[in-house]
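All of the numbers you see were taken from the coordinates with simple rules; none came from a lab. The structure presented is a predicted model; accordingly, all values stated were derived computationally and were not measured. Methodologically, a virtual Cβ is constructed for each residue, glycine included, from the backbone with ideal geometry; neighbour enumeration extends over all protein chains shown.
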Amino acid sequence: MSRARFAFAAHPDAIADLRHLPDHIRDLALLELQNLVHGSDDCLPLKGRLTGFHKVYVDPSVAYRMVIQFRPAPPASTHKREIYLVAAGSRKDYAVYRAAHLRTGPQQNVTTDSVTEARVQAARSRSSTIVGRPTASPASPSTTASFPAAAHRKVPQR
């Protein structure tokens, strides 16, 4: 076989994911990883919260997927880039994608536009005009202001 084109690394939980796959699916997943390391580009980019990651179909019925990321290899590596396995598992109910998002969420550099960020900050903050004012309480009948009754006018009847 040819020399590997990419280095390989995996999230510790992704290794556990591989162990929990059915035997025949795990064999297919390992073959797909081997093909990827040797230069296969048989993967599709993901969008949304997993932008920058790729999905790999594992089985012919496409019920199982792997989520990988192409990233720079560590300085000590003989390769410039590596394939990083994030998650492997069933596509049912998007389980593999949820696992990948949970494992990568805090590390992702998701940039939000300034308008969205401003709205989030506004929703989290309190109005400066409220600070220092007592909170409103329901008025009791004895403290309600009495308004002068409007003068009754007799309307002529026809």
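Structural remarks
- Looking at the stretch 12-81, the trypsin sites (Lys or Arg not before Pro) that sit in a DSSP loop and have at most 16 other Cβ atoms within 10 Å of their own Cβ are Lys47, Lys80.
- Per residue, the convex hull spanned by the Cα atoms of the stretch 1-110 measures out at 109 cubic angstrom.
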